[in-house]
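Down below is the structure, laid out as structure tokens.
The values are calculated or read from the model by the stated rules, or taken from the named source; none is laboratory data. Everything numeric here is computed off the predicted structure, so don't read it as measured data. All Cβ positions, even for glycine, are placed from backbone atoms using ideal geometry, and neighbour counts span all protein chains on display. Note: areas computed on protein heavy atoms with side chains; ligands, DNA, RNA excluded. Shrake-Rupley method; radii C 1.70, N 1.55, O 1.52, S 1.80 Å.
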Amino acid sequence: METDVIIIGAGGGGYPGAFRLARSGYRVVIIDPKGELGGNCLFSGCIPSKTIRELAQIVWRNNRILKANLKPDFSLIQDHKDRVQEIRYMQHREELKEFRDNIELIRGKAKLIDNKTVEAETENGMIEVKGRYLVISTGSEPVKPKFPGSEFSITSDDLYGYRTSLRRLPDDITIVGGGYIALETATILKALGYNVRLLVRSDKVLKGFESEIVNTLLPLLGLEIMYNSPILEIKKIGEQEFEVFYSDGKGNKKSLETGLVMLATGRKPVLPEGAGGILALDSKGHISVDDSMKTNLPNVFATGDVNGKAPYFHAAVRMSIAAAYNIMSNGTPVDYVDFKSIPVTIFTIPPASYVGIMPSEAKRMGISFIEASYELKNDPMAQMYDEMGGVLKLYFERGSLRLIGAWIVGVHAGFAINELGQAVAHGLTARDLAEFADQHPTTNELIAYTARKVL
Ligand code: ADP
């Protein structure tokens, strides 16, 4: 089979670009073992986890504000999650129908033969596909460290996966890890009434995030975090009963009993077979790309989690579109991804978001800036939900007053960050933000209030 573009992996790094290419008349073959669009984000990532999060937040707000005592049947939550996933799969099938003349989706696992030839291993045997361009968007997967009894643990895939068999949860849950998936899941399950603790290997959580954001967020989460406690072993002591052994950091082996252990110990890139042999990789095994999404081979692009640049669905979508434009310009780059303007949100309850250059980086880069902040306790939304904790901070380049970065911890952070992302992306100044009449009553109003503080 011959085509113009082969896309390996049908997630956010794959299908948006396929649609764009198809609209311009390119023939595209997408290969994915799921046989559906949406990738891991829809199958076991952002969509299912945030569906559960939204329900958890409703339960938690009800219980707190209306003095209810709701502890929902977890299987009902999982049913709703599966329905949301099903709706989105149906939506994607409709989209594929629209593009049926130009896009073919092959259910199979792809293997690279060379930079223009791919073999798809399907139920009905091997299909060889030849294309002028190749986009690799094979995503990432959870890292599952091996230790005695590690087989008794689950990962986020088991909790959030489409039609997962995990429909009931025990009252006591231990999450291993201190990254954003660990913290999000911990606050979601806590909001649903489970007793959750985090076992963290080092003395820190959310490594890589600006410390001021972490220090503002953590006290609001009210999580039980056991630092310097690397997991050593899990022993099964009963039906949904485990003894978890960990080191207390002073060389002592300690243990606790819990009903479920979830490992959230990082994610690693997934490369199709044959890719490592012909493509340049970074030290962590991601496919190296430049800002146009090009790899070391001029006709091969790599988008999404697999390149390690920004492991978020919305970032993958942006990369996928950039790769499409750069293919349409015959490989001469015309579109570059501005990673600094891609927002990042930790969807804990409450959430935290940031975009742009954070102060520690600005200092390293020698950028002089002024900052302005606003406490969320003065925000009507925060008051309505009685979630008054949190802060918004804006950083403006000294002189130009261009917004170079911003973060917000608290109610609706994940919504407000979009406006801030637009401002960072398009070089808006404090004046632009201050003059805008943000919709009342929304948390976004704080952006204009805060910008006015520097004028
Ligand atoms: P991203 O958001 O980075 O695009 P996702 O992790 O959401 O990525 O999706 C990646 C997709 O790639 C998954 O659906 C996975 O099944 C698919 N995939 C992984 N390895 C292969 C392979 N060798 N051949 C085809 N598809 C693959």
- Message: Taking the conditions exactly as written (in contact (Cβ under 8 Å) with a residue 24 or more places away in the chain, near the ligand (Cβ under 9 Å from one of its atoms) and either open to solvent by 10 Å² or more (accessible area, probe 1.4 Å) or not acidic (Asp, Glu) (or both)), does MET319 satisfy them or not?
- Response: yes
- Which residues, taken from segment 34-55, are of a type in the set (A, V, I, L, M, F, W, C) and within 16 Å of the ligand (Cβ to nearest atom)? LEU37, CYS41, LEU42, PHE43, CYS46, ILE47
- Filtering strands (runs of 3 or more DSSP E) wholly in segment 13-118 for at least 1 residues that are at pLDDT 95 or above, small (Gly, Ala, Ser) and closer than 24 Å to TYR312 by Cα gives 109-114
- Neighbours by Cβ (under 6 Å, 6+ apart or cross-chain): first from segment 95-108, over 15 Å from SER24 (Cα atoms); second surrounded by 12 or more Cβ atoms within 10 Å (Cβ to Cβ) and of a type in the set (Gly, Ala, Ser): ILE106/ALA120; ARG107/GLY35; GLY108/ALA120
- Task: Could you tell me which residue of segment 131-154 is most open to solvent (accessible area, probe 1.4 Å), considering only residues that are within 20 Å of LYS294 (Cβ to Cβ) and of a type outside the set (Ser, Thr, Tyr)?
- Result: ARG132
- Note on the structure: The condition from (1) at pLDDT 95 or above; (2) open to solvent by 40 Å² or more (accessible area, probe 1.4 Å); (3) within 25 Å of LEU169 (Cα to Cα) that LEU221 misses is numbered (2)
- Qualifying position, being free of Cβ contacts under 8 Å to residues at least 12 places away in the same chain and either more than 12 Å from the ligand (Cβ to nearest atom) or closer than 30 Å to LYS309 by Cα (or both), among ILE31, ILE6, ILE58, ILE65: ILE58
- Name every residue in segment 322-337 that is open to solvent by 10 Å² or more (accessible area, probe 1.4 Å) and touching a helix residue (DSSP H, G or I) at 6+ places or on another chain (Cβ under 6 Å), in order of residue number. PRO333, VAL334, ASP335
- Message: So, in segment 134-148, how many residues would count as being within 16 Å of the ligand (Cβ to nearest atom) and more than 19 Å from the chain's Cα centre (by Cα)?
- Response: 2
- Query: What strands (runs of 3 or more DSSP E), lying completely within segment 232-316, carry at least 3 residues that are more than 15 Å from the ligand (Cβ to nearest atom) and in contact (Cβ under 8 Å) with a residue 40 or more places away in the chain?
  - Reply: 241-247, 253-258, 260-263
- Could you please let me know if ILE287 is of a type in the set (Val, Ile, Thr) and open to solvent by 40 Å² or more (accessible area, probe 1.4 Å)? no
- Which of the following residues is open to solvent by 40 Å² or more (accessible area, probe 1.4 Å) and modelled with pLDDT under 95: ARG267, ARG364? ARG267
- Task: Being over 15 Å from ILE447 (Cα atoms), out of contact with any strand residue (DSSP E or B) (no Cβ under 6 Å at 6 or more places or on another chain) and part of a helix (DSSP H, G or I) is the filter here, so list the residues in segment 360-390 that pass it.
- Result: SER360, GLU361, LYS363, ARG364, MET365, GLN383, MET384
